[in-house]
Amino acid sequence: MPDYIKFDSITKRIVDKWLSADPHVVEGLSNILEITRGVYEALTIYHRVNDSGDFVIEMSQAEKDVLNAEIAQAVIDAENARLATIDDTLTGTQTISLPKVEAAIN
C-alpha cells in the first residue's frame, strides 16, 4: 500500500502522514501527496512540499529558523499558561496548605 502526506496549503509544511495506508484513508482530503517509502522514512520536521505541491524538499535555512522560533515560542507560551494556571489556583487563598500547593504544581 502507498505512503501519503498531508501538507498545509499556505506554508507547505507537512501536517500529517500515513505509512502503508489504504487509498480510501486519504480519499476526499485536500493537499495529499503520495510519496515513496524512502521519502517517508527520511522525513523530518525540516521537510516540506515544494511550492507547486509535487514533491518533498528540505526547508531552506531561513525556513528552518522560522520553524525553530515558532517551536520555541510555543514552549514559552505553554510554560506561561501553566504558570498562570498555578497563579490562578493559588490566588485568593488566605491560608495556603501544602496539599493545595502540591495539587496546583501537579
Enumerate the whole-percent occupancy of each 10 Å bin, from 0 to the last occupied one, for all C-alpha pair distances of region 1-104.
13, 31, 19, 15, 15, 7, 0
Rounded to the nearest 10 degrees, what's the angle between the helix 61-90 long axis and the longest principal axis of the chain, both from Cα atoms, 0 to 90?
30
Dividing the convex hull volume of the Cα atoms of region 2-58 by its residue count, what figure in Å³ per residue is obtained?
70
Rounded to the nearest 10 Å², the 1.4 Å probe accessible area of LEU29 is 80
What GluC sites (Glu not before Pro) in region 22-106 are in a loop by DSSP, with at most 14 other Cβ atoms within 10 Å of the Cβ?
GLU27
Note to self: with every protein chain in place and a 1.4 Å probe, region 16-106 gives an accessible area per residue in Å² of 70
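The values are calculated or read from the model by the stated rules, or taken from the named source; none is laboratory data. In this text the structure is predicted, and so the values were computed from the model without any measurement. Neighbour counts run over all protein chains shown; Cβ positions are idealised from the backbone, glycine included. Only protein heavy atoms, including side chains, enter the accessible area calculation; ligands, DNA and RNA are left aside. Shrake-Rupley method; radii C 1.70, N 1.55, O 1.52, S 1.80 Å.
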